[in-house]
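What follows is a single structure, written as structure tokens, with notes after it.
The numbers here are math on the coordinates, done by the rules we state, and not lab data. Since the structure is predicted, the reported quantities are computational estimates derived from the model, not experimental observations. Please note: Cβ atoms are built from the backbone with ideal geometry, for glycine as well, and neighbour counts cover all protein chains shown.
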């Protein structure tokens, strides 16, 4: 397939807000392309040339990019920039200029040819690399038609944004094979173990659903991390899973560690390779872990070497940095509490019952010192079967400055990338207040007035994830509770992801429309007094529909946060990892009790 034909599919997807229609378009595309093309196309659909967990950087700043575009289009840079500012979309600006010129280099390049050049841009480095990158990009602009150029320049600028998530692609895989969604759950389960859409797509295209049997955990390919359900009473937990294991819930960075013959890599929950940030943990893993190769998980939390106390998350968070890493490691040492073993010496433990995983975990951590002299520890656990015992363990954890406890089903498996009743987070009863926090996506913001003009932002719209519809729905517009520094930080982050129009995946009432929209990128943790009902928020809102499907009036109001305030930024979470609508519904019911 030529890149020109692919661009037409991109355009179709960009012009529809219907998830069903996007799924149909993707399935049609996957059926038409050959086995060699599907992997490349799947990476391009994500605006990349490699899986999410691989570090790839086009390394082209906006100023340099504008210069390259102006040269390739043979226009003055000032003229191009003025049009860009007017249109507000780099891709459409390039398309407009490219449409007016004819070049002798123009030809129908294949997807493979364009992909190879884009990949070469990401791997070119060293002295003179900028000139090489710009030359490669310039050549592509001259060779491709105007519509293709619209999408081409959006890839290195990370602004492709076609309005769907990985979950829609998984649905399209199922439609490609069976013209329905019946295979989605099988495909998703394997994707959670190997989060590489290119690999999954190629296997399905070549060998069908049976080909997924070869999917197994692999060292240095992160597994999507399991998540816990929530319950707010010890009695409910014991009734749900019976005799269980109880571990403290540490308030730090959750990490997945891959270890092979002394080589160590650390991954965050959003699949980012963060090995370079934590040299102390890398050194400790080499010294304390026993085995040839393994994948294990733990929580890294800041530690005060004078008092022996754990540090609050705000202080631990200072360890996540690109510069001054060694100095900060001495100032804020970390302790890693390991609680899961997923892979050991060639054997996957994902389907292994928890008690057996725990038993194997005991064997691979070398214990040679105390909390002051060592870095890696096995997370404490106790087996209990009475609600009273569970409450006592919770109180003990809170008294130590921890978040609470995690309760684990003794025969439960590790559900990669999913929530399930194999793990349950236990926090205080909600009573009439909302004690738990909610992770929200920042969807857009309103411009500031008065003092807020200094920040360029006066309020931001927050939403949760409706995973059934693959949409983000609103629960709050927050204009108070942030420090001046937090407002500035949020504005800086938001500016990176600002777009001209509301993303297709946002469901927003007219009353909650924003002055500026941003793509799904920024996750924040929000604390509120309680959940209430609101007609202007779309989380859980149900509309009365006409026979043609037109919404005419509100049947059930949505959920809204009462007196919301920012707790912290969650840079370790992907947008789809925010609190789900189903969880919000559960919290509202518990609150009613």
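Results, tabulated for the structure shown:
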item	result
Estimated distance in nm for a label pair at residue 292 and residue 492, the labels positioned 7 Å out from Cα along Cα-to-Cβ	4.7 nm
Separation between Cα centres of region 270-301 and region 39-99, rounded to whole Å	37 Å
Cα gyration tensor category, rounded, prolate or oblate, for region 410-516 with a/c compared to 1.5	prolate
Region 233-426: C-alpha gyration tensor shape, a/c 1.5 cut-off, then a/b vs b/c	oblate
Theoretical gain in end-to-end length, residue 467 to residue 345 [0.36 nm per residue, Cα-Cα removed]	40.4 nm
Sequence ranges 80-93, 572-585, 277-290, 479-492, ranked by mean other-Cβ count within 10 angstrom, highest first	572-585, 277-290, 80-93, 479-492
Alpha-carbon centroid distance for the pair region 210-257 / region 351-366, whole angstrom	14 Å
In nm, spacing of pseudo-spin labels at residue 76 and residue 15 (7 Å Cα→C-beta vector)	3.4 nm
Residue-span extension gain [residue 562 to residue 546] - 0.36 nm each, minus C-alpha spacing	2.6 nm
Length-normalised contact order of region 438-592 in % [C-alpha pairs under 8 Å, at least 6 apart]	27 percent
Backbone N under 12 Å from the residue 254 label point (7 Å along Cα→Cβ), restricted to region 267-298	268-271, 297-298
Förster-model FRET efficiency, 25 Å R0, residue 315 and residue 56, C-beta, rounded to 0.05	0.20
P(r) histogram, all alpha-carbon pairs of region 438-592 included - 10 Å bins from 0, percent	11, 42, 34, 11, 1, 0
Helix 3-14 axis, angle to the chain major axis (alpha carbon atoms, nearest 10°)	60 degrees
Angle between the chain longest axis and helix 581-592 axis [Cα atoms, degrees, rounded to 10]	40 degrees
Per-residue Cβ neighbour rank within 10 angstrom, fewest leading, 72, 210	210, 72
With Cα atoms, 0 to 90° folded angle of helix 111-123 axis to the chain main axis	60 degrees
Per-pair calculated FRET efficiency, R0 = 45 Å: residue 99 and residue 529 via Cβ, rounded to 0.05	0.25
Stokes-Einstein D (µm²/s) once Rh is taken as the Kirkwood radius of the chain over alpha-carbon pairs, at 4 °C in 1.567 mPa s	50 µm²/s
Under 18 Å from the residue 219 label point (7 Å along Cα→beta-carbon), backbone N, region 229-271	256-267
Theoretical FRET efficiency, 1/(1+(r/R0)^6), r = Cβ-Cβ of residue 157 and residue 8, R0 22 Å, to 0.05	0.60
Among 107-116, 21-30, 542-551, the order from most to least packed when residues are scored by Cβ within 10 Å on average	21-30, 107-116, 542-551
The chain, relative contact order [Cα under 8 Å, separation at least 6], %	12 percent
CD proxy at 222 nm, helix term only [per DSSP H run n ≥ 4: -39500 (n - 2.57); per residue of the chain; nearest 500]	-11000 deg cm²/dmol
Cα gyration tensor shape of region 82-134, rounded if a/c is under 1.5, else prolate or oblate by comparing a/b with b/c	oblate
